[in-house]
Every structure is written in structure tokens, then in C-alpha cells.
Amino acid sequence: MARLKALNPEETTGKSKELFDTIKGKMGMVPNVMKTMGNSPAVLGAYLGFSSAMGTSTLGSKLGEMLSLAVANHNGCDYCNSAHTFIGGKMGISPDAIEAARHGQSEDPKMAAALIFAGAILDSKGKVSNDEIEAVRTAGFTEGEIAEIVASVALSVFTNYFNNVADTEIDFPKLAPIAHH
């Protein structure tokens with residue numbers, strides 16, 4: 001049972017209603033995470049703005065989804081684990097690549113470096129070592145892309161923590177998170 005109420009977009013008014021209408025126009029539906037964030041138009045607006053900005057990231061949508069999967073599983077977020085597995089599959093990411101990303105791994109060396117760096121960010125609460133920065137740089141990431149990996153992790157932490165607090169009802173095919181070691 002969700003601990004924070006998901007609003008009904010048909011019964012919502014004001015700024016949240018405007019945001020829900022925009023989401024529904026783009027996605028054809030309003031996911032439960034956004035219905036729940038809608039309790040605060042400031043929170044929903046912040047999420048949509050951050051998410052939209054990251055949509056222009058030079059990392060690309062495939063790596064973005066893989067980072068989201070790795071972070072969701074690190075943080076034990078059932079909702080994001082299920083959502084990003086579903087979205088990744090719809091984007092054409094193979095089931096094997098999705099499973100590897102859930103473990104913070106990839107067969108692609110550059111993507112693997114990004115996922116390892118994301119894990120280092122999470123494990124150190126952002127206080128990564130010079131060696132960890134150098135490793136992601138050596139893998140071919142620019143200063144801007146390193147900043148985008150940090151931002152991608154931060155956006156995922158925001159949604160993971162929000163869903164973990166709210167116990168958001170999952171409206172995607174449900175998967176159990178992988179226990180973080």
C-alpha cells in the first residue's frame with residue numbers, strides 16, 4: 001500500500017493538473033510516480049525539468065537507462081527497477097544488457113566504466129577518488145560527460161528515494177531489485 005497518495009489526474013486542479021495534462025499528452029498516460037509527485041507541483045516540476053534537461057545529455061538514452069538501472073538496484077528501488085527495465089526493453093536494449101546493467105556491468109568497456117563510476121559515486125556519496133575520475137576519463141568520457149554521469153546518478157537517486165519513501169504503486173511489469181553487495 002502506497003504511503004503517499006497518487007493523485008487522480010482527472011480530479012486534480014491547478015498547476016499539478018497542467019503538468020499532468022502535459023505528461024499525458026507526451027506519454028499517453030501519467031505514471032504513478034508522477035501522480036504521487038503531483039502532490040507538490042514544485043516537486044513534479046523539478047523532476048520534469050531535471051528529466052527534460054537530462055534528455056539532451058550527450059551520454060545518450062541507452063547509457064542513461066543503463067545508469068538508471070544500476071542506481072535503482074543499488075538503492076533497492078522497486079519502482080525504478082521495474083520502470084527502467086520496461087523502458088530499456090522498449091528502447092531495444094537486450095535482456096542480457098539490462099540484466100548486466102542491473103548489476104552495474106556492461107560488455108561495452110566505455111559503458112562499463114560509466115556504470116562503475118556511478119557505483120563509486122553512490123558508494124562514496126560523491127567523494128570519488130582521483131583514480132576513479134581518471135578511470136572514467138581514460139575510458140573516453142569528457143569533462144561534460146562526467147558531469148552528466150553525476151547528474152544522471154543524482155536524478156536517479158531523487159526518484160529512487162522518492163519512490164522508496166512513498167512506496168509508489170508499480171504500474172510497470174514488476175521485478176524484484178537486486179540486492180546490493
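Taken together, the values in this text are just the output of simple stated rules run on the coordinates, not laboratory data. Everything numeric in this text was worked out from a predicted model, so none of it was measured. Cβ coordinates were reconstructed from backbone atoms using ideal geometry, including for glycine residues, and neighbour counts include every protein chain displayed.
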Checklist entry - Do the sum for the chain: with -39,500 (n - 2.57) for every DSSP H run of n ≥ 4, divided by all residues, what is the mean residue ellipticity at 222 nm, to the nearest 500 deg cm²/dmol? => result -20500 deg cm²/dmol
Checklist entry - At a Förster distance of 22 Å, what's the computed FRET efficiency of SER51 paired with VAL165, Cβ-Cβ distance as r, to 0.05? => result 0.75
Checklist outcome for this item: Helix 41-54: inclination vs the chain longest Cα principal axis, degrees, rounded to 10, gives 40
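Run the numbers for MET29 and ASP96: contour at 0.36 nm per residue of separation, minus the present Cα-Cα distance, in nm.
So the extension gain works out to 21.3 nm.
Report the trypsin sites (Lys or Arg not before Pro) located in the stretch 86-181 that are in a DSSP loop and have at most 11 other Cβ atoms inside 10 Å of their Cβ, or state none.
Filter output for the stretch 86-181: LYS125, LYS127.
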Checklist entry - Hey, any idea what Rg/Rh is for the stretch 81-176, computing Rh the Kirkwood way over Cα pairs? => result 0.99
Item to check | Relative contact order of the stretch 91-181, pairs being alpha-carbon contacts under 8 Å that are 6 or more residues apart, as % | outcome: 22
Item to check | Candidate lysines for bridging to LYS62, where Cα separation is under 18 Å - those fewer than 8 sequence places away on the same chain excluded | outcome: LYS90, LYS110
Checklist entry - Of THR36, GLY49, ALA118, which is farthest on the positive side of the dipole of the chain, counting Cα position, with +1 on Lys and Arg Cβ, -1 on Asp and Glu Cβ, and the Cα centre as origin? => result THR36
Checklist entry - How far, in degrees from 0 to 90, does helix 143-166 lean away from the longest principal axis of the Cα atoms of the chain, to the nearest 10? => result 40
Checklist outcome for this item: Listing MET54, MET91 by rising number of other beta-carbon atoms within 10 angstrom, fewest first, gives MET91, MET54
Checklist entry - Which residues in the stretch 70-92 place their backbone N less than 15 Å from a point set 7 Å from the Cα of SER61 along the Cα-to-Cβ direction? => result 84-92
Next on the checklist: If I stretch the segment between ASN39 and VAL150 completely, what's the gain in nm (0.36 nm per residue apart, minus their alpha carbon distance), one decimal?
Outcome noted: 37.2 nm
Next on the checklist: For a quick check, take a GNM of the chain with Cα springs below 10 Å and name the residue from ASN130, ASN73, ASN163 with the largest mean-square fluctuation.
Outcome noted: ASN130
Item to check | Dipole-positive endmost among VAL136, ILE87, ALA97 within the stretch 61-166 (Cβ charges, Cα centre) | outcome: ILE87
Item to check | the chain: relative contact order as a whole-number percent, Cα under 8 Å and 6+ apart | outcome: 33
Checklist entry - Using alpha-carbon positions, what is the distance between the centroids of the stretch 7-61 and the stretch 123-181, in Å? => result 21
Checklist entry - Relative to the first principal axis of the alpha-carbon coordinates of the chain, what is the inclination of helix 61-74, with its axis defined by its Cα atoms, in degrees from 0 to 90 and to the nearest 10? => result 90
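With +1 on each Lys and Arg Cβ and -1 on each Asp and Glu Cβ, how big is the dipole of the chain about its Cα centre, in debye rounded to the nearest 20?
Numbers: 15 positive and 20 negative charges, 97 e Å.
The dipole magnitude comes to about 460 debye.
Assuming 1.002 mPa s and 20 °C, estimate D for the chain with Stokes-Einstein, Rh taken as the Kirkwood radius over Cα pairs, in µm²/s.
For the chosen part, D equals 128 µm²/s.
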Checklist outcome for this item: Among ALA101, ALA166, ALA46, the residue with the largest mean-square fluctuation in a Gaussian network model of the chain built from Cα contacts under 10 Å is ALA46
Checklist entry - Taking a quarter of the surface of the Cα convex hull of the stretch 1-83, what do you get in nm²? => result 6.0
